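In what follows, a single structure is set out as structure tokens and then discussed.
The values are calculated or read from the model by the stated rules, or taken from the named source; none is laboratory data. The model shown is predicted, which means the values in this text are computed figures rather than measured ones. Glycine gets a Cβ as well: all are built from the backbone with ideal geometry, and neighbour counts include every protein chain shown. Protein only, heavy atoms only, side chains kept; ligands, DNA and RNA dropped before computing areas. Shrake-Rupley method; radii C 1.70, N 1.55, O 1.52, S 1.80 Å.
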Amino acid sequence: MQQYHTAEDALQDKVILVTGAGDGIGKVAALSYAKAGATVILLGRTVSKLESVYDEIVNAGGPEPAIVPLDLNGATATHYQQFAQTIREQFGKLDGVLHNASLLGYLRPFAQIEEKEWQDIMQVNVTSQFLLTQALLPVLKLAPKASVVFTSSGVGKTGRAYWGAYAVSKFATEGMMQVLADEYANSPIRFNCINPGATRTKMRAKAYPGEKPESLKTPEDLMPLYIYMMADDSNGVNGQSVDAQPK
């Protein structure tokens, strides 16, 4: 793995939103961002999980985070606009967004994908990211430098049998990032993707039930890249899809 190095306080005084912050990579990213000095906005569906991450951050001496319980499958454009306004009022800016929340669905032949499953995956993995990013753009512009990181996948670059709606949603995510990166190329906001690769998470275990978890990298192993992409060190990086675990 490529080594990424940033100062311990690389995210000092930054305000960073993490979606899917209650579990897996999102949780570890939130904890890592707080440890590096950021005030983290924890967005997720399950309040108890967000409260647990909140407590961990506060008990470790990090800046007090904010909790935003939101179901990305049911939220509307109005919800996101109101949320963006709240961030503006409470924090005055937004320095970073980690779009981490994703829905896997079921691995099955394309011919057997159910319409509701397709719609749910597209809603959470694509439409919610579109609506949330669109709402947050004015607040991101208030930061001196801002970084928006989408979560990609190997199956979002090369389609793979049975990965269906999830794979298609990740192709869309890559496309959304590229469009935004090109539009904002001459602005202080940068847009990139991280493909975490095979990582020890519940989503991975659901996709590969027979796999030995101990053979995989942990979310903690990937954090140097996640911090680097949020820190000013990566200011010149825009429109890139970075593999956390290069082949």
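Every listed requirement among (1) at pLDDT 95 or above; (2) open to solvent by less than 40 Å² (accessible area, probe 1.4 Å); (3) farther than 22 Å from R190 by Cβ is met by I41 save one, (3).
One line per residue, one yes/no per condition, for (1) at pLDDT 95 or above; (2) under 18 Å from the mean Cα position of the chain (by Cα):
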| site | (1), (2) |
| --- | --- |
| Y80 | yes, yes |
| A84 | yes, yes |
| V97 | yes, yes |
| L103 | no, yes |
| P109 | yes, no |
| I113 | yes, no |
| Q134 | yes, yes |
| F150 | yes, yes |
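Taking D71, is it open to solvent by 50 Å² or more (accessible area, probe 1.4 Å), closer than 19 Å to N125 by Cβ and touching a strand residue (DSSP E or B) at 6+ places or on another chain (Cβ under 8 Å)? When the stated conditions are applied, D71 does not pass them. Meeting the requirement of 2 or more residues that are open to solvent by less than 20 Å² (accessible area, probe 1.4 Å) and without any contact (Cβ under 8 Å) to a residue 24 or more places away in the chain, no helices (runs of 4 or more DSSP H) wholly within the stretch 114-190 can be named. In the stretch 205-220, of all residues being touching a strand residue (DSSP E or B) at 6+ places or on another chain (Cβ under 8 Å) and under 22 Å from T19 (Cα atoms), the one that is modelled with the lowest pLDDT corresponds to K217. The set of residues from the stretch 8-66 being acidic (D, E) and either within 14 Å of the chain's Cα centre (by Cα) or more than 26 Å from Q85 (Cβ to Cβ) (or both) comprises E8, D9, D23, D55, E56.
In the stretch 11-30, is there at least one residue being open to solvent by less than 20 Å² (accessible area, probe 1.4 Å), in contact with a strand residue (DSSP E or B) (Cβ under 9 Å, 6 or more places away or on another chain), over 19 Å from V148 (Cβ atoms) and not in a helix (DSSP H, G or I)? The answer is yes, given that some residue of the stretch 11-30 is open to solvent by less than 20 Å² (accessible area, probe 1.4 Å), in contact with a strand residue (DSSP E or B) (Cβ under 9 Å, 6 or more places away or on another chain), over 19 Å from V148 (Cβ atoms) and not in a helix (DSSP H, G or I).
Surrounded by fewer than 20 Cβ atoms within 10 Å (Cβ to Cβ), in contact with an Asp or Glu (Cβ under 9 Å, 6 or more places away or on another chain) and over 21 Å from Q134 (Cβ atoms), is that true of T46? It is true that T46 is surrounded by fewer than 20 Cβ atoms within 10 Å (Cβ to Cβ), in contact with an Asp or Glu (Cβ under 9 Å, 6 or more places away or on another chain) and over 21 Å from Q134 (Cβ atoms).
Reported count of residues in the stretch 77-105, each being without any contact (Cβ under 8 Å) to a residue 40 or more places away in the chain and not in a helix (DSSP H, G or I), is 0. Here is the figure for the stretch 53-66: residues that are outside any loop (DSSP other than H, G, I, E, B) and open to solvent by 60 Å² or more (accessible area, probe 1.4 Å) total 4. A count restricted to the stretch 83-124 and to residues that are polar (S, T, N, Q) and over 26 Å from A231 (Cβ atoms) stands at 4.
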